[in-house]
Amino acid sequence: MNIAIEAAGFGLVTASLLSLGAVGFTLQYGVTNVFNLATAGIMTGSAYVALQVNQAGVSIWWAMVVAGVFGGVASYALNRFVYVPFIRRGVKAFSMVIIALAVWTMMQYITLAIVGPGFFAFRLPKTHTYQFESISLTGTDFILIIVALIGMLALEAALRLTKFGKAMRAVATNAPLARASGIRVDRIIDITWITSGIFTGVAGVAISMVVVSFSYTTAGDFLVPIVAAAIVGGVGSPTGAMIGALVVGMVSEIGAALTQPDYKDVFAFALLAVVLLLRPSGLIPEKAQRKELAL
Amino acid sequence: MSTALVYYGSLLLVYGAVYGIACAGLNLQFGVTGVVNFAYIIFQAAGAYTAAVLTLGPSSPVSFQHYVGGATLPFPIPLIAAAAVGALLALGVGLLGIRRLRSDYLAIVLLAASLIATAVATNQDGLVGGAAGLALVPKPLGSLFGGIVTNESYNLFFSLLAAVLCAVSYVIVHRITESPYGRRCRALRDNEPAAMALGVSPFRHQAGVLLVGGALAGLSGALLVEYISAWAPSGWLYPETFVFFTALIVGGTGSNWGALVGAIVVPLGIGEGARYLPQFGSPELMVSLQWIVIGLLPLIFLWFRPQGLIPERRRVFAADPGAARDRSPEVTS
Amino acid sequence: MTTDSTRGPQTASSQAGAAGATPAEAAAPDERAVGARPALETRALGKTYGGLSAVSNVSLAVRYGEILGIIGPNGAGKSTLVGMIAGAIQPSGGDVVLDGTAVTGWRPQALAKLGLRRTFQVAAVFPRLTVLENLLLGVSEGPGESVLSVLGPGRRWRAREREQVRRARALLATFGLASKESEYAGNLSGGEQRLVEIMRTTMSEVRTLLLDEPMAGVNPRMMCVIEDYLLNLRSQGVAVIMIEHRMESVERMCDSVVVMARGEVIATGAMTDVRQTESVVNAYLVG
């Protein structure tokens, strides 16, 4: 039982990491309907950008901010210069998955070519470790959890209260109708990518912090759990993404603790597959009907 | 020097045949019927493991490798069993998701399945040898060659075997695609609701191509493992499926000749071609370059030449229905 | 409801159509008699999407040898209704009865076996197949065509295919598309694709035909050909339900019409009666 509780502690940290990535993914996928697997490449890129900044003497938290900016810009560029041209060409939804995979493959190996296969680590500030029953969390863990929480709440607030947020939800529900109502769909899509890209960038750094030493494949290992979290929670809902992240984080950590540690990812993958097969709208149903690529 | 040439030539032929058979199967599923089988590599792996286990003999506790099952079955049986395992596995895995999911969700589910399969095979030590996999798989029909399987004549035999199997595979997929059954598969690919409204059953046709394509995948795996005598999870990670899809996109989705050309250009061409480039930089750099090219190819082709190098044939029917031949020679578009 | 008043002139093309195509042979003549049980009925059929009602409480019936028009302003739910009848959309409530059999919730393939054929709002051709191949798809599967049997030496399907090719070519000649037989259907104009779609529905024994705006995007000359062809089908006992905006076609072909607005039926009857009804006039002006 202690093992399970201890694993639950890890699960909480994992959940906050997944949440950052999943919130970004769910926002972007919900609005644009593009299955952007290349988000893993952007996470990796942001981690290395943050590394450069951090090694130049900047605190990890400021480096995270820089990474967020990088993520936003990179995501925007990815959409504008790769996805949109292909969508305008009329490729089918599935071909977009191939395109995203192709982009990610290239990103992954370009990263490898540049940084090499070795492991790196951030210079982290020393923090206190808190013990609670069998759970031990460091100060950094706490900050990450809080960042994830604030990020999710801020996004939810933005979606419900701001003009852009409401426009995003309109485009997510029915893009042609939104366009007909006068919404500048292209601009909303750009903003969506930038926003989700910021989350992606921060997620990349957070993941690399928690695993302590990271390489060019680290972020990629988290891709499927992130997607799982987003889909389990219901695509398009930031709150759902956070709940999904909790579910995925807990299930995979506790499941792996009870069986074999290497099976952590297997639980996440299996959860994703099961949810997609049984209840694609997620545990928190947002809206029932999915539609084709919005453009 | 000709011995080295024979060895290298037979290596190219065997690998080309293996990739060719695999691409023929995936083309039938994806190019012709539109089934986005992102877990295709699993079926090739299953075939390889099946063939290996059925030729290695029962797993003994003192051996360095442990696996389930095991027998020492003579030549064609492991290949046939591998094809059967590939077929049934493909049917099972594919049908789980195909009826309910739209294509991009399905791709992700199957991708996840592929990841699960690799993880389980790696971590379950007694299943198929764990991370190290299986090794020392005996080659087929070695006894015919006096037990010597490393010389020229055996290599020639094996390459001939591979070529024949590849040719047979393509005859099979050709018969299917050129029949009314194949036409209905293509209709499902082009417009599933319209095909259903005409009475075409998506289930039957997807099940059929999953079976046949899965069998071909299994066969290709068996052929490969019997050539290289070893098989481990590192050889069938999920990006391998992506390589096959790239091969189809480059060669021409839907076209059987395109699948063969794609198999030769992409997995064979890029894999082997890298040998001939001057070695500059680290080994990782060479690997990276290969994968960067593999990533770039679908983008380039989907943009500039979506129909691929060899586009799908336009089917033309003979002008005079009373003529002796039913079909006029194909006219490529 | 008399049918003769809306008969079109017997043009050469319709004569050719009658001679060349061989759809609708399955049912015995007495089943097709006007007044016998309806070919297709819906009872209180409805569809809601998360609180929004797209179609509610629609009951209609069409008999063999009759053409029923469904008209109404945009967004009235006509296509959703046809989608439910065709099995593409699952109804939220109500029933569909096809040829006396309850078929509510059946999938399109199963309905096709009962002789139901349909066209789509956007002409649903198979773009990467040739025009001739598109028509061949209209024929139901025969024996010896499963995935395993095509691997065998038997070529039972070849002779049958030759016959189908002959029929398809005759049909193409009727509609003036013979020269496009080997064109990819995706390269045809919108109107030509519509023709291919319609021809395809009659390649095999169609008993009930659902048409979703068949005249949309078709040039006027071809409209006459289509109209004559549909009237011909009617005279052979096919039951037709047709969504159409073009009033001239509706008046020329439909024995009766159902008017829909905002998901509900607001009037039924002969076109001449219905167009006077106040609610109908309002729906068109407002909706």
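Taking θ = phi - 60°, what integer Hz values does the Karplus form 6.51 cos²θ - 1.76 cosθ + 1.60 yield along the range B:265-272, in sequence order, with x for Gly and Pro?
Working through the residues one at a time gives 6, 8, x, 6, x, 6, x, 7 Hz.
Assign one of three labels to the protein assembly as shown, namely rounded, prolate or oblate, based on the Cα gyration tensor with a ≥ b ≥ c the square roots of its eigenvalues; rounded applies when a/c is under 1.5, prolate when it is not and a/b is larger than b/c, and oblate otherwise. Present the calculation step by step, with values, prior to reporting the outcome.
On the way: a/c = 2.24, a/b = 1.34, b/c = 1.67.
Because a/c hits 1.5 or more and a/b fails to exceed b/c, the protein assembly as shown counts as oblate.
With the Cα gyration tensor of chain A giving a ≥ b ≥ c as the square roots of its eigenvalues, does the rule (a/c under 1.5 for rounded; else a/b larger than b/c for prolate; else oblate) give rounded, prolate or oblate? Can you show the working numbers first?
Numbers: a/c = 1.62, a/b = 1.34, b/c = 1.21.
Judged from the Cα gyration tensor, chain A comes out prolate (a/c at least 1.5, a/b above b/c).
For the range C:78-202, rounded, prolate or oblate, judged on the Cα gyration tensor with a ≥ b ≥ c (square roots of eigenvalues), a/c < 1.5 rounded, else prolate if a/b > b/c?
Working: a/c = 2.32, a/b = 1.29, b/c = 1.79.
Because a/c hits 1.5 or more and a/b fails to exceed b/c, the range C:78-202 counts as oblate.
Net charge around A:Ser19, counting only other residues with Cβ within less than 15 Å of its Cβ (Lys, Arg = +1; Asp, Glu = -1)?
-3
Once phi is turned into ³J(HN,Hα) by the Karplus curve 6.51 cos²θ - 1.76 cosθ + 1.60 with θ = phi - 60°, what whole-Hz value does each residue of the range C:265-273 show in order, with x for glycine and proline?
Taking θ as phi minus 60°, the curve returns 7, 10, 6, 9, x, 6, 4, 4, 6 Hz for the range C:265-273.
Of B:Ser234, C:Gln236, B:Ile249, which is farthest along the charge dipole of the protein assembly as shown in the positive direction, counting Lys and Arg as +1 and Asp and Glu as -1 at C-beta?
C:Gln236
Under the Karplus relation 6.51 cos²θ - 1.76 cosθ + 1.60, θ = phi - 60°, what is the ordered set of whole-Hz ³J(HN,Hα) values for the range A:205-222, x standing for Gly and Pro?
Here the 3J(HN,Hα) series is 5, 4, 4, 5, 5, 5, 6, 6, 10, 10, 10, 6, 9, 4, 4, x, 5, 8 Hz.
Report the local net charge at B:Ala117: Lys and Arg +1, Asp and Glu -1, summed over other residues whose C-beta lies under 15 Å from its C-beta. Each step should come with its number before you reach the end.
Values: positive: none; negative: A:Asp262, A:Asp265, B:Glu240.
Net local charge, B:Ala117 excluded: -3.
Compute, for the protein assembly as shown, the length of the dipole vector about the Cα centre, with Cβ point charges of +1 (Lys, Arg) and -1 (Asp, Glu) only. Units Debye, rounded to 20. Show your work: numbers first, answer last.
Details: 65 positive and 55 negative charges, 232 e Å.
In total the dipole reaches around 1120 debye.
State to the nearest 20 debye the size of the charge dipole of chain A about its Cα centre, where the only charges are +1 on K and R beta carbons and -1 on D and E beta carbons. Display every interim value, and only then the final one.
Numbers: 18 positive and 12 negative charges, 259 e Å.
Charge dipole, chain A, about its Cα centre: 1240 debye, nearest 20.
Pull up all non-local amide H partners of C:Arg118: gap of 5 or more, or a different chain, and H-to-H distance under 5 Å with H placed in the peptide plane.
Those lying under 5 Å, H to H, from C:Arg118 are C:Leu210.
So for the protein assembly as shown, taking the charge dipole from beta-carbon charges (+1 Lys/Arg, -1 Asp/Glu), which of B:Val225, A:Ala47, B:Ala22 sits furthest toward the positive end?
About the Cα centre, the residue reaching furthest to the positive side is B:Ala22.
Out of residues 5 or more away from B:Leu141 or on other chains, whose amide H comes under 5 Å of its own, with H placed 1.01 Å from N in the peptide plane?
For B:Leu141, the qualifying residues are B:Phe75.
Ranked highest first by the average count of other Cβ atoms within 10 Å around their residues, in what order do C:128-141, A:138-151 fall? If you can, show how the numbers build up before the last one.
Values: C:128-141: 23.0, A:138-151: 17.8.
Ranking the peptides C:128-141, A:138-151 by packing returns C:128-141, A:138-151.
Would you please give the residues with an amide H less than 5 Å from that of C:Met260, counting only those at least 5 places away or on a separate chain, with H modeled from the backbone geometry?
Counting only residues 5 or more places away or on other chains, the set is C:Ile71, C:Gly72, C:Ile266.
Between the range A:1-23 and the range C:171-205, what's the alpha-carbon centroid distance in Å?
Their Cα centres are 60 Å away from one another.
So what are chain B's ellipsoid semi-axes, whole angstrom, largest first, if each one is the square root of 5 times an eigenvalue of the alpha-carbon gyration tensor?
Numbers: eigenvalues 214, 109, 95 Å².
Equivalent ellipsoid semi-axes, largest first: 33, 23, 22 Å.
Quick one: check the C-alpha center-to-center distance for the range A:210-279 versus the range B:1-67, whole angstrom.
31 Å
For chain B, what is the charge dipole size about the Cα centre, in debye to the nearest 20, if Lys and Arg each add +1 at the Cβ and Asp and Glu each add -1 at the Cβ? Don't jump to the answer; show the numbers that get you there.
On the way: 17 positive and 14 negative charges, 170 e Å.
Using only the charged Cβ atoms, the result is roughly 820 debye.
Taking +1 at the Cβ of each Lys and Arg and -1 at the Cβ of each Asp and Glu, which of C:Leu148, C:Asn134, C:Ala170 sits farthest along the dipole of the range C:129-187 towards its positive end, judged by Cα position relative to the Cα centre?
Farthest along the dipole direction, towards plus: C:Ala170.
What percent do you get for the relative contact order of the range B:113-261 when only Cα pairs under 8 Å and 6+ apart count? Walk me through the numbers before you get to the answer.
On the way: 96 pairs, mean separation 50.4, N = 149.
Computed value for the range B:113-261: 34 percent relative contact order.
What percent does the relative contact order of the range C:129-187 come to when contacts are Cα pairs within less than 8 Å and at least six residues apart?
57 percent
Go ahead and estimate [θ] at 222 nm for chain B from helices alone: -39,500 (n - 2.57) per DSSP H run with n ≥ 4, summed, over the residue count, rounded to 500.
Working: 12 runs with 203 residues, N = 333.
My calculation for chain B gives -20500 deg cm²/dmol from helical runs alone.
For a quick check, take a GNM of chain A with Cα springs below 10 Å and name the residue from A:Tyr109, A:Tyr48, A:Tyr76 with the largest mean-square fluctuation.
Checking each option, the largest mean-square fluctuation is seen for A:Tyr109.
If you wrap the range C:129-187's Cα atoms in a convex hull and average its projection over all directions, what's the area in nm²?
4.5 nm²
Taking springs between alpha-carbon atoms closer than 10 angstrom, which of B:Gly94, B:Gly269, B:Gly47 fluctuates most in the Gaussian network model of chain B?
Evaluated over chain B, the most mobile residue of the options is B:Gly269.
Report the residue, chosen from A:Met106, A:Met168, A:Met250, that carries the largest GNM mean-square fluctuation when chain A is represented by alpha-carbon nodes joined by springs under 10 Å.
A:Met106
Take the alpha carbon atoms of the range A:126-162, find their center, do the same for the range B:192-245, and report the distance between the two centers in whole angstrom.
44 Å
Just checking the output field for B:116-124: average partner chain Cβ neighbours within 10 Å of each residue's Cβ?
Rounded to a whole number, the mean comes out at 4.
Mind ordering A:171-178, B:173-180, B:304-311 by average Cβ neighbours within 10 Å, highest first? Could the numbers behind the result be given before it?
Working: A:171-178: 18.5, B:173-180: 20.1, B:304-311: 16.2.
Highest mean packing first, the order is B:173-180, A:171-178, B:304-311.
Let me check I've understood the local charge: for A:Ser215, count other residues with C-beta under 14 angstrom from its C-beta, Lys and Arg +1, Asp and Glu -1. What total comes out?
On the way: positive: none; negative: A:Asp221, B:Glu284.
Result for the neighbourhood of A:Ser215: -2.
Read-outs throughout are calculated quantities, based only on the coordinates presented, and are distinct from any laboratory measurement. Because the structure is predicted, anything quoted here is derived from the model rather than measured. Reconstructed Cβ throughout: ideal geometry from the backbone, glycine too, with neighbour counts over all protein chains shown.
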